[in-house]
Amino acid sequence: MALNEQDLKRALVSKKILSAKSWDEQLAEAKTKRQDIGQLLIDKKLVEEEQLAQITAQFFDVEYVDLKQLEQIPKEVLLLVPEPIARRHQVVAFGKEKDKLNLAMIDPNDLETRDAIKKKTDLVVLPFLISKSSLDWGLKQYHTSLEAEFAKIVSQPSKEGEHEPEAVTAKLKEMAQEIPVVRVVDTLLEYAILEKASDIHIEPHEKDLIVRYRIDGVLHEVMTLPKVIQPALVARIKVIADLKIDEHRLPQDGRFKVEKEDYKISIRVSTIPVFDGEKVVMRLLDESARAMTLEELGFIHRNYDTILRNVKKPHGALFVTGPTGSGKSTTLYTIISMLNTKGVNISTIEEPIEYHIPGVNQMQVNPKIGLTFATGLRALLRQDPNIIMIGEVRDRETAEEAVHAALTGHIVLATLHTNNASGALPRLLDIGVEPYLIASTINAVVGQRLTRQICQDCKVEVHIDEKFEESLRKEYNLEHLLGVMKREGFIEKNIKNLREVTFYKGQGCDKCGHTGYRTRKGIYEVLEVTAEIQDLILKHAPTSQIQEKAVEQGMILMWEDGFIKCAQGQTTIEEILRVSKE
């Protein structure tokens, strides 16, 4: 919540904090530096931060509070709003009287957050406006409160022989069952699910623990925990993930599930030893998520038609490429769901199985007992499959088994780590697969990345300027881009340059956590292996030649698909620049 420039000027001048002339000078400087005028005035000590907060509160007729003036916030009141929610929505609960909750907020007009807290606490929320430094002080109280609780847990009286390995393990197990430890882990999981995070990172530092959620592909710091909590917190996660609680020197992997009425989440846990302790990463997979369609994933009509045409062929392989976390498995699961009918036998070999698909036989690799992708694939071929999905082709043995399966009448779906679709074919050559096998078995290759989508609640139109267009021209063929966009019918034929195209961005609002983005969708390129592409494969042609021929035949490059989605109002040019450089 902030005053606009005219209202702020009127307030400061009327209170004789600044003269009109001084205001005009500071405003000109703020615009030159592209800095918020309020922050500039605070930085230059022309107005105190709390003074500005008071002025803002008076203007909007809301209560004001300076949390720093409080000796402390009662723990039972503070914890009514868990720390991840407090940090993300910039609020702190600081007082309670009967059925009323005093809630300090950077933006008291954030009705959605107020309603959510009202439903959770069953209390009437009374909003108070606070400054940024006041908020920071309030958030630090979570650290202080937890530190006191965990200090009691870890400083229990010493017992004889407690430093023996068995006693240490027993002590860790006991700490893992303590109510504060259980509450912290439950809170981390509950709000990661609520915020639709894909991963939780718990990172030990010298003096504290940092908790970060990966939301829409980007990590956000949501919590700072006292260092004293580290042994108990890691022990608790190891207990529920069925890991060795006394093993701190080796990496470990485990999993567990969280089930409620409205969701069923499978959580994969990975721990590794680092300099300041053990780092824990938990990946969240929503098992209750329904299968999406190719259109919902973001395939435009040309790419959709190419995939559909090739998966309907009686045999052959389709590869999906991209870096880790680019949505390759989701694309394959979607294709499998399309092909999953009663008349076919579908089998998969994965590491790990991310989503269960009814009617599909899913096998998980286990290298410890010799069940690799290659051995599992050979076993699947004896199970009379029509369609086979391979989680990842990473070696010659698996690649050869895959192409031979495609050659002998099966539909093979697989992922491969390359930067783009054209690079998949030379990559298979590098692995050691014969050129004639690649040319005769692969039907199509999909390259993809995931981009954050613009929040539809705060979306506004924007146009790029000439300077930005010139910077784009250094990296991209903009003339070809405009030709593709016209050919595919996404812009008018009379548009002459990118400056005339309407793009969009999110201004940032409460619903998107003031990021301007909410959810993710893919950008794609789909390479169809035509007779001309087959000839290039047989000649060991490099990636650039294969891509050039595919573009000549109508393939839309991944970054071009991204710009098309920018013009459709789905994502931003900045997001395309970010992901296309991965």
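Any read-out appearing in this document is the output of simple, stated calculations on the displayed coordinates, not a laboratory observation. The structure presented is a predicted model; accordingly, all values stated were derived computationally and were not measured. Quick reminder, even Gly has a Cβ in these numbers, built from the backbone with ideal geometry, and neighbours come from all protein chains shown.
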Report summary line: Note to self: C-alpha centroids of segment 288-350 and segment 71-102 sit apart, in Å, by 46
Query raised in the report: Can you give the percent of C-alpha pairs in segment 1-111 whose distance is more than 22 Å?
Result: 43
Requested in this report: Taking a cut-off of 21 Å between Cα atoms, list the lysines near Lys342, but don't count ones fewer than 8 places away on the same chain.
Outcome: Lys312, Lys313
Query - C-alpha long axis of helix 301-311 to longest principal axis of the chain, angle in ° - result: 50
**Report entry** Computed Rg/Rh of segment 204-342, alpha carbon atoms with Kirkwood Rh
**Finding:** 1.09
Query - trypsin sites (Lys or Arg not before Pro) lying in DSSP loop within segment 213-312, provided at most 13 other Cβ fall within 10 Å - result: Lys244, Arg249, Arg290, Lys312
**Report entry** Net charge of Cβ neighbours under 9 Å - reference Glu492; Lys, Arg +1; Asp, Glu -1
**Finding:** +1
Query raised in the report: Too long at a 29 Å Cα-Cα cut-off: which of Lys21/Lys511; Lys45/Lys207; Lys15/Lys44; Lys120/Lys521; Lys68/Lys120?
Result: Lys21/Lys511; Lys45/Lys207; Lys120/Lys521
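Given Cα positions, please report Rg to Rh for segment 294-396, the hydrodynamic radius being the Kirkwood one. Provide the component values of the computation, followed by the final result.
Values: Rg = 14.0 Å, Rh = 14.7 Å.
Over the Cα atoms of segment 294-396, Rg/Rh equals 0.95.
Among the listed pairs Lys100/Lys132; Lys328/Lys549; Lys257/Lys328; Lys132/Lys173; Lys96/Lys140; Lys96/Lys279, give every one whose C-alpha distance is greater than 29 Å.
Over 29 Å Cα-Cα: Lys132/Lys173; Lys96/Lys279.
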Query raised in the report: Which of the aspartates and glutamates could be linked to Lys9 by a straight reach, that is with a Cα gap under 14 Å, when you skip same-chain ones fewer than 8 residues away?
Result: Asp24, Glu25, Asp36
Query raised in the report: Using modelled amide H (1.01 Å from N, peptide plane; none on Pro or chain starts), what sits under 5 Å from the amide H of Val320, excluding residues fewer than 5 places away?
Result: Ala414, Thr415, Leu416, Val446
Query raised in the report: On alpha-carbon atoms, Rg over Rh for segment 195-247 using Kirkwood Rh?
Result: 1.02
Report task. Sort by residue number and report every cysteine in the chain with no other cysteine beta carbon within a distance under 4.7 Å. Result -> Cys566
Requested in this report: Taking amide H positions as placed in the peptide plane 1.01 Å from N, state which residues far from Tyr355 in sequence (5 or more) or on other chains have amide H under 5 Å from it.
Outcome: none
Report task. Pairs of Cα atoms under 8 Å, at least six residues apart: use those to get the relative contact order of segment 72-145, whole percent. Result -> 33
Report summary line: Bounding extents of the chain in its principal axis frame from Cα atoms, largest first in Å, are 80, 78, 41
Query raised in the report: Could you name the lysines in cross-link range of Lys496, using Cα to Cα under 21 Å and dropping any fewer than eight places away on the same chain?
Result: Lys467, Lys474, Lys486, Lys565
Query - For segment 197-281, the spread of Cα positions along each principal axis, largest first, Å - result: 38, 28, 20
Query - Label-point gap, in nm, between Lys68 and Glu295 - each point 7 angstrom along Cα→Cβ - result: 5.6
Report summary line: In whole percents, the bins of 5 Å from zero upward hold the Cα-Cα pairs of segment 77-118 as 6, 24, 39, 24, 7, 0
Report summary line: Going residue by residue through segment 415-424, the Karplus relation 6.51 cos²θ - 1.76 cosθ + 1.60 with θ = phi - 60° gives ³J(HN,Hα) values, rounded to whole Hz and with x marking Gly or Pro, of 10, 8, 8, 9, 6, 8, 5, 5, x, 5
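For Leu428, what is the net charge nearby, where nearby means another residue's Cβ is under 11 Å from its Cβ and Lys, Arg count +1, Asp, Glu -1?
-1
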Query raised in the report: Restricting attention to segment 241-300, which chymotrypsin sites (Phe, Trp or Tyr not before Pro) occupy a DSSP loop and are surrounded by at most 10 other Cβ atoms within 10 Å?
Result: Phe275
Report summary line: Compactness summary of segment 58-142: radius of gyration and Dmax from Cα atoms, Å, are 11.5, 32
Report summary line: Checking segment 471-527 for GluC sites (Glu not before Pro) in a loop per DSSP with at most 10 other beta-carbon atoms within 10 Å yields Glu492
**Report entry** Inverse of mean 1/r across different Cα pairs in segment 517-582, Kirkwood, Å
**Finding:** 13.3
